[in-house]
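Colleague: Sharing a structure here in structure tokens format.
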Amino acid sequence: NFVSAVVPPGEIGVKFDDIGALEDVKTALNELVILPMRRPELFTRGNLLRPCKGILLFGPPGTGKTLLAKALATEAGANFISITGSSLTSKIWALDGSAIVVELRDILYKDVNCCWFGDAEKLTKALFSFASKLAPVIIFVDEVDSLLGARGGSFEHEATRRMRNEFMAAWDGLRSRDSQRIIILGATNRPFDLDDAVIRRLPRRIYVDLPDAENRMKILKIILDRENLEPGFQLKSLANATEGYSGSDLKNLCIAAAYRPVQELLQEEKKESNIDVAPVLRPLNFDDFIQSK
Ligand code: ATP
């Protein structure tokens, strides 16, 4: 789906505090997006503090780029439109059924008559016209390399080429009044696949790196915040044993560890006939994982 979600700011459910580490990235996004959106009056004088229409988040998979984009919308008090680059000519739909989104979707349909079946250019026009009605808004283009990747020569699908050109034209056409209130935030794991023309339109590029041990500890602290952990569990040992793990890998590891006590309890229940006893899950531990390192 072209537009995979449209979410008003209060409903995103992720804040900067829910993201471990990445302090420099949060600081940069604060200066580039949050402040100009929250305090536009501070950015009107002179030419130096011009709003930035496009920002690129790049880095290895699972390092929190999508999470950052969502939290950014919350922090900036902006609506959030999420587009996935890998599918461009299919339906437009809004995930969220809340009244505000339905109403906005109606506006969108009115603008383009009907766009259930893909017409890439119409969809792109609709997207930008929709966005100006929603402003302040963050348009998050995940896998931006698929939507706006390097030109594919003669093998490139005509619809893809038209879509890209239309997207760039609409982007360039954002009036300066709008550009402070409509930010395109692209994310990619493959920055080298991006077209030069796109790179130019994303003048601020922020690297979202894999966490080191100290930052893994910060991320684990957030992920395990509400878990019942075994007494004596050392966050530091786990952080040290997870070299090379992304935030997403850490989350998956913790989910697996949280599932173990459930499996064990189910096994026990199978063995024992006395199932009247209220089930008690043992606390989480990562002993096997850490010892196997
Ligand atoms: P991809 O490039 O593969 O699309 P991504 O960089 O967009 O990945 P996310 O989708 O944001 O990564 O991260 C996946 C999940 O990993 C998040 O929903 C979150 O649960 C967890 N996660 C990643 N980074 C962090 C972090 N810094 N703090 C807390 N949780 C994190």
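The values are calculated or read from the model by the stated rules, or taken from the named source; none is laboratory data. Since this is a predicted model, take the numbers as computed values, not measurements. Please note: Cβ atoms are built from the backbone with ideal geometry, for glycine as well, and neighbour counts cover all protein chains shown. Quick note on the areas: whole protein, heavy atoms, side chains included, nothing else; ligands and nucleic acids left out. Shrake-Rupley method; radii C 1.70, N 1.55, O 1.52, S 1.80 Å.
Colleague: Please report the relative contact order for the range 159-293, taking Cα pairs under 8 Å with a sequence separation of at least 6, and give it as a percent rounded to a whole number.
Modeller: That works out to 24 percent.
Colleague: With equal scatterers on the alpha carbons only and no solvent term, can you work out the Debye log10 of I(q)/I(0) for the range 209-284 at 0.16, 0.18, 0.21, 0.26 1/Å?
Modeller: -0.64, -0.74, -0.90, -1.20
Colleague: Given the whole protein assembly as supplied and a 1.4 Å probe, what does the accessible area of TYR259 come to in Å², nearest 10?
Modeller: 130
Colleague: Using a 1.4 Å probe over the heavy atoms of the protein chains, calculate the carbon and sulfur portion of the accessible area of the range 166-217 as a whole percent.
Modeller: Roughly 46 percent, rounded to a whole number.
Colleague: Among the GluC sites (Glu not before Pro) in the range 178-281, which ones are in a DSSP loop with at most 13 other Cβ atoms within 10 Å of the Cβ? Mind listing them?
Modeller: GLU227, GLU243, GLU272
Colleague: A further question follows. At a 1.4 Å probe, what is the % contribution of carbon and sulfur to the accessible area of the range 1-70? Don't skip to the end; give the middle numbers.
Modeller: Values: 1900 of 3460 Å².
Looking at the range 1-70 in its full context, I get 55 percent from C and S.
Colleague: Another question, then. Name the trypsin sites (Lys or Arg not before Pro) in the range 202-265 that are in a loop by DSSP and that have at most 11 other C-beta atoms within 10 Å, would you?
Modeller: Here the sparse-neighbourhood loop sites are ARG226.
Colleague: To continue, here is another question. Any idea of ASP225's accessible area? Nearest 10 Å², probe 1.4 Å.
Modeller: Per-residue accessible area (ASP225): approximately 110 Å².
Colleague: For the range 59-64, take each phi angle, set θ = phi - 60°, evaluate the Karplus expression 6.51 cos²θ - 1.76 cosθ + 1.60, and give the result in whole Hz per residue in order, putting x for glycine and proline.
Modeller: x, x, x, x, 8, x
Colleague: Something else: Normalised by the number of residues in the range 211-275, what is the relative contact order in percent for Cα pairs under 8 Å and 6+ residues apart?
Modeller: 40
Colleague: OK, next. With respect to the cross-link table entries LYS65/LYS133; LYS221/LYS293; LYS65/LYS221; LYS15/LYS236, which display a Cα-Cα separation exceeding 23 Å?
Modeller: Beyond 23 Å between Cα atoms: LYS65/LYS133; LYS15/LYS236.
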